[in-house]
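Report on the structure given below.
Just so it is clear, none of the values below were taken in a lab; they were calculated from the coordinates. As the structure is a prediction and not an experimental result, all values here were calculated from the model. Cβ placement follows ideal geometry from the backbone for every residue including glycine, while neighbour counts extend to all protein chains displayed.
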Amino acid sequence: MNRIIIIIIFVLLCGSFSFQKTTQYKIPDFVPDSVTAKAVAEIILLKYYGNNTKRYFPLKLKDKSNKTVWILEGSIPYKKGYDYMGGVPYIEIRKRDCCVLKMTHGK
């Protein structure tokens with residue numbers, strides 16, 4: 001008889017713990033807008049590629065439809081009489097945690 005009561009109490013306690021309501025919180029993005037994404041990208045690009053990358057600024061937002069990643073690309077400088085050869089910087093930054101997913105500087 002004691003075993004049956006102990007088993008019933010155990011089952012009731014286990015059942016009550018499984019039905020507790022859990023609350024999930026939405027963590028805000030570390031890079032919430034394009035202005036912040038451009039500032040972060042400029043700092044990272046200057047750190048890795050040096051001051052020569054300043055001529056490819058301002059960075060342009062390449063894909064506005066992506067909900068999780070900021071994709072930024074440099075712009076080719078235009079000065080009359082000058083032809084710049086080579087590519088522009090390209091960087092992908094995840095909005096959630098500011099992780100750099102891809103960074104290149106090519107053609």
Task: Amide H within-cut-off set for Val69, under 5 Å, with H built and near neighbours excluded - done: Lys95
Open item on the list: Take the residue pairs Lys26/Lys102; Lys38/Lys64; Lys54/Lys95; Lys62/Lys102; Lys26/Lys62; Lys47/Lys67 and return only those whose Cα atoms are more than 19 Å apart.
Closed with: Lys26/Lys102; Lys54/Lys95; Lys26/Lys62; Lys47/Lys67
Task: Hz values of 3J(HN,Hα) by residue in the stretch 40-47 - Karplus curve (6.51, -1.76, 1.60), Gly and Pro given as x - done: 5, 4, 4, 5, 5, 5, 5, 5
Open item on the list: Using Cβ counts within 10 Å as a stand-in for footprinting exposure, how do Arg3, Arg55 rank, fewest first?
Closed with: Arg3, Arg55
Open item on the list: Please rank Thr23, Thr68, fewest neighbouring Cβ atoms within 10 Å first, as an exposure proxy.
Closed with: Thr23, Thr68
TODO: Would you grab the residues whose amide H sits under 5 Å from the one on Val31? Only those 5+ places off in sequence or on another chain, please, with H modelled 1.01 Å from N.
DONE: Cys98
